[in-house]
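In what follows, a structure is listed as C-alpha coordinates, so that the remarks can point back to it.
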Amino acid sequence: MTKIFFLRHGQVTEQKHLLGRTDWPVMASGYDAMQAQANSISFDYIVSSPLKRCAAFAEDLSQAQHIPLSIDANFAEIDFGDWDGENIAALWQQKAGLMQTYFAQPFDFTPPNAEHSLDFQQRVEQAVQQLIKQHPEKTVLVVCHAGVIKAALASALRIDHQRCNWLTSLQIDYASLNAISYWEQDNATVHFFNRI
(Lines give C-alpha, C1' and ligand atoms only; values in the text may rest on other atoms or scores of the structure.)
Protein backbone atom coordinates (compact mmCIF):
# COMPACT_ATOMS: atom_id res chain seq x y z
CA MET A 1 0.00 0.00 0.00
CA THR A 2 1.08 3.56 -0.73
CA LYS A 3 -0.78 6.39 0.96
CA ILE A 4 -0.85 9.78 -0.72
CA PHE A 5 -1.95 13.01 0.89
CA PHE A 6 -2.89 15.60 -1.72
CA LEU A 7 -2.63 19.16 -0.35
CA ARG A 8 -4.01 22.00 -2.42
CA HIS A 9 -2.06 25.24 -2.29
CA GLY A 10 -3.40 28.01 -0.09
CA GLN A 11 -5.30 31.09 -1.17
CA VAL A 12 -3.38 33.05 -3.80
CA THR A 13 -2.84 36.79 -4.04
CA GLU A 14 -4.88 37.01 -7.24
CA GLN A 15 -8.20 35.17 -7.34
CA LYS A 16 -10.04 36.95 -10.15
CA HIS A 17 -8.09 35.29 -12.94
CA LEU A 18 -8.19 31.82 -14.46
CA LEU A 19 -5.06 30.28 -13.02
CA GLY A 20 -3.80 27.16 -14.69
CA ARG A 21 -0.13 27.50 -15.61
CA THR A 22 -0.21 31.23 -14.83
CA ASP A 23 1.43 31.56 -11.45
CA TRP A 24 0.70 33.78 -8.47
CA PRO A 25 2.16 33.42 -4.97
CA VAL A 26 0.18 32.25 -1.97
CA MET A 27 -1.02 34.79 0.58
CA ALA A 28 0.50 34.64 4.08
CA SER A 29 -2.77 33.30 5.48
CA GLY A 30 -2.84 30.64 2.74
CA TYR A 31 0.70 29.61 3.58
CA ASP A 32 -0.22 29.29 7.27
CA ALA A 33 -3.24 27.13 6.36
CA MET A 34 -0.99 24.82 4.34
CA GLN A 35 1.43 24.61 7.26
CA ALA A 36 -1.36 23.67 9.65
CA GLN A 37 -2.44 20.83 7.34
CA ALA A 38 1.12 19.54 6.95
CA ASN A 39 1.59 19.61 10.71
CA SER A 40 -1.49 17.40 11.16
CA ILE A 41 -0.03 14.41 9.29
CA SER A 42 3.20 12.46 8.94
CA PHE A 43 4.82 11.48 5.64
CA ASP A 44 8.04 10.09 4.22
CA TYR A 45 8.39 12.04 1.01
CA ILE A 46 7.18 15.27 -0.61
CA VAL A 47 6.31 15.87 -4.26
CA SER A 48 5.29 19.25 -5.60
CA SER A 49 3.98 20.94 -8.69
CA PRO A 50 6.65 23.27 -10.10
CA LEU A 51 4.35 26.29 -9.84
CA LYS A 52 5.49 28.63 -7.08
CA ARG A 53 2.11 28.59 -5.33
CA CYS A 54 2.99 24.98 -4.46
CA ALA A 55 6.77 24.67 -4.77
CA ALA A 56 7.73 27.53 -2.44
CA PHE A 57 5.87 25.92 0.46
CA ALA A 58 7.09 22.41 -0.41
CA GLU A 59 10.71 23.55 -0.46
CA ASP A 60 10.35 25.25 2.94
CA LEU A 61 8.64 22.17 4.38
CA SER A 62 11.30 19.84 3.01
CA GLN A 63 14.09 21.88 4.55
CA ALA A 64 12.34 22.36 7.88
CA GLN A 65 11.47 18.67 8.33
CA HIS A 66 14.47 17.18 6.46
CA ILE A 67 12.16 15.19 4.19
CA PRO A 68 13.17 14.50 0.56
CA LEU A 69 11.42 16.58 -2.08
CA SER A 70 10.97 16.20 -5.81
CA ILE A 71 9.38 18.67 -8.23
CA ASP A 72 7.18 16.99 -10.82
CA ALA A 73 5.64 18.93 -13.70
CA ASN A 74 3.03 16.19 -14.12
CA PHE A 75 1.34 17.52 -10.97
CA ALA A 76 0.96 21.03 -12.42
CA GLU A 77 -2.53 22.43 -12.93
CA ILE A 78 -4.37 22.01 -16.22
CA ASP A 79 -3.27 24.47 -18.90
CA PHE A 80 -6.15 26.74 -19.99
CA GLY A 81 -4.30 27.82 -23.13
CA ASP A 82 -5.27 31.24 -24.47
CA TRP A 83 -7.58 31.75 -21.49
CA ASP A 84 -4.88 31.08 -18.92
CA GLY A 85 -4.26 34.09 -16.70
CA GLU A 86 -7.21 36.03 -18.09
CA ASN A 87 -9.68 37.87 -15.89
CA ILE A 88 -12.61 35.51 -15.30
CA ALA A 89 -15.29 38.21 -15.37
CA ALA A 90 -13.92 39.54 -18.65
CA LEU A 91 -13.89 36.05 -20.15
CA TRP A 92 -17.54 35.58 -19.20
CA GLN A 93 -18.40 38.92 -20.79
CA GLN A 94 -16.44 38.32 -24.00
CA LYS A 95 -16.92 34.57 -24.44
CA ALA A 96 -20.02 33.71 -22.42
CA GLY A 97 -21.16 30.90 -24.71
CA LEU A 98 -17.74 29.26 -24.91
CA MET A 99 -17.16 29.60 -21.16
CA GLN A 100 -20.54 28.04 -20.43
CA THR A 101 -19.79 25.18 -22.83
CA TYR A 102 -16.37 24.55 -21.31
CA PHE A 103 -17.51 24.43 -17.71
CA ALA A 104 -20.55 22.33 -18.58
CA GLN A 105 -18.72 19.96 -20.94
CA PRO A 106 -14.95 20.19 -20.31
CA PHE A 107 -14.35 16.80 -21.89
CA ASP A 108 -16.06 17.77 -25.14
CA PHE A 109 -14.77 21.33 -25.57
CA THR A 110 -11.23 22.64 -25.12
CA PRO A 111 -10.28 26.33 -25.04
CA PRO A 112 -7.87 27.48 -27.78
CA ASN A 113 -4.37 26.04 -27.29
CA ALA A 114 -5.40 24.50 -23.96
CA GLU A 115 -4.67 21.05 -22.59
CA HIS A 116 -7.50 18.62 -23.29
CA SER A 117 -9.22 17.47 -20.10
CA LEU A 118 -8.71 13.79 -20.94
CA ASP A 119 -4.99 14.37 -21.57
CA PHE A 120 -4.81 16.14 -18.24
CA GLN A 121 -6.50 13.26 -16.45
CA GLN A 122 -4.16 10.76 -18.08
CA ARG A 123 -1.13 12.87 -17.09
CA VAL A 124 -2.21 12.89 -13.45
CA GLU A 125 -3.06 9.18 -13.42
CA GLN A 126 0.37 8.30 -14.83
CA ALA A 127 2.09 10.56 -12.30
CA VAL A 128 0.23 8.89 -9.42
CA GLN A 129 1.09 5.41 -10.72
CA GLN A 130 4.74 6.42 -10.93
CA LEU A 131 4.65 7.57 -7.30
CA ILE A 132 3.15 4.26 -6.23
CA LYS A 133 5.94 2.35 -7.98
CA GLN A 134 8.65 4.59 -6.54
CA HIS A 135 7.36 4.65 -2.96
CA PRO A 136 5.76 1.32 -2.02
CA GLU A 137 4.67 1.06 1.60
CA LYS A 138 5.36 4.77 2.08
CA THR A 139 3.32 7.88 2.74
CA VAL A 140 3.74 10.75 0.29
CA LEU A 141 2.59 14.36 0.47
CA VAL A 142 1.76 15.88 -2.93
CA VAL A 143 1.46 19.68 -2.93
CA CYS A 144 -0.63 20.53 -5.96
CA HIS A 145 -3.81 22.05 -7.40
CA ALA A 146 -7.57 21.60 -7.33
CA GLY A 147 -7.72 20.11 -10.83
CA VAL A 148 -4.98 17.59 -10.02
CA ILE A 149 -6.78 16.48 -6.87
CA LYS A 150 -10.08 16.14 -8.74
CA ALA A 151 -8.39 13.98 -11.37
CA ALA A 152 -6.82 11.77 -8.69
CA LEU A 153 -10.15 11.38 -6.89
CA ALA A 154 -12.02 10.61 -10.11
CA SER A 155 -9.48 7.94 -10.97
CA ALA A 156 -9.50 6.40 -7.49
CA LEU A 157 -13.30 6.31 -7.42
CA ARG A 158 -13.50 5.23 -11.07
CA ILE A 159 -15.80 8.09 -11.97
CA ASP A 160 -16.64 8.01 -15.66
CA HIS A 161 -16.42 11.54 -17.08
CA GLN A 162 -19.24 10.69 -19.49
CA ARG A 163 -21.60 10.14 -16.56
CA CYS A 164 -20.25 12.74 -14.15
CA ASN A 165 -18.45 15.98 -14.91
CA TRP A 166 -16.02 15.59 -12.02
CA LEU A 167 -13.88 18.50 -13.18
CA THR A 168 -16.56 21.02 -12.20
CA SER A 169 -18.75 19.02 -9.80
CA LEU A 170 -16.11 18.26 -7.14
CA GLN A 171 -15.25 21.05 -4.69
CA ILE A 172 -11.63 21.31 -3.56
CA ASP A 173 -10.97 24.31 -1.34
CA TYR A 174 -7.74 26.21 -0.81
CA ALA A 175 -5.35 24.41 1.57
CA SER A 176 -7.63 21.39 1.77
CA LEU A 177 -6.20 17.97 2.52
CA ASN A 178 -7.21 14.80 0.67
CA ALA A 179 -6.07 11.24 1.38
CA ILE A 180 -6.04 8.17 -0.86
CA SER A 181 -4.45 4.77 -0.27
CA TYR A 182 -3.46 2.70 -3.29
CA TRP A 183 -3.41 -1.08 -3.17
CA GLU A 184 -2.46 -3.83 -5.61
CA GLN A 185 -4.33 -4.24 -8.90
CA ASP A 186 -5.29 -0.55 -9.14
CA ASN A 187 -7.50 -0.65 -6.05
CA ALA A 188 -7.76 2.58 -4.06
CA THR A 189 -9.43 3.78 -0.89
CA VAL A 190 -10.39 7.43 -0.44
CA HIS A 191 -10.09 8.18 3.29
CA PHE A 192 -11.30 11.77 3.06
CA PHE A 193 -11.35 14.72 0.70
CA ASN A 194 -11.58 18.49 0.94
CA ARG A 195 -10.69 18.49 4.63
CA ILE A 196 -10.12 22.06 5.75
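Quick notes
- In segment 1-93, trypsin sites (Lys or Arg not before Pro) in a DSSP loop with at most 11 other beta-carbon atoms within 10 Å: Lys16
- Relative to its residue count, segment 156-196 spans a Cα convex hull of 68 Å³ per residue.
- Gyration tensor over alpha-carbon atoms, segment 90-157, equivalent ellipsoid semi-axes in Å: 31, 11, 10
- Debye-sum result for segment 53-125 in log10 I(q)/I(0), which assumes one identical scatterer on each alpha carbon, at q = 0.12, 0.19, 0.23 Å⁻¹: -0.48, -0.83, -1.01
- Amide H contacts under 5 Å for Val47: Ser70, Leu141, Val142, Val143, restricted to partners 5 or more places along the chain or on a different chain, H placed in the peptide plane at 1.01 Å from N.
- Accessible surface of segment 44-196 [probe 1.4 Å, protein heavy atoms]: carbon and sulfur percent: 46
- Ranked packing of 124-136, 72-84, 93-105, most packed first, by mean Cβ within 10 Å: 72-84, 124-136, 93-105
- Accessible area expressed per residue, the chain, with surrounding protein chains retained (probe 1.4 Å, Å²): 49
- Convex hull (Cα only) mean projected area of segment 1-48, reported in nm² to one decimal: 4.2
- Heavy-atom accessible area for His116, with the other protein chains in place and a 1.4 Å probe, reaches approximately 60 Å².
- The chain: C-alpha pair distances exceeding 30 Å, %: 17
- Compared with the alpha-carbon gap, the fully stretched path from Asp72 to Gln15 is longer by 18.1 nm at 0.36 nm per residue.
- Unit charges on C-beta of K, R, D, E only; dipole of segment 90-157, Debye: 120
The values are calculated or read from the model by the stated rules, or taken from the named source; none is laboratory data. Given the structure is predicted, the values throughout are model-derived calculations rather than measurements. So basically every Cβ, Gly included, is an ideal-geometry build from the backbone, and we count neighbours across all protein chains shown. All accessible areas refer to the heavy atoms of the entire protein, side chains included, with ligands and DNA or RNA removed. Shrake-Rupley method; radii C 1.70, N 1.55, O 1.52, S 1.80 Å.
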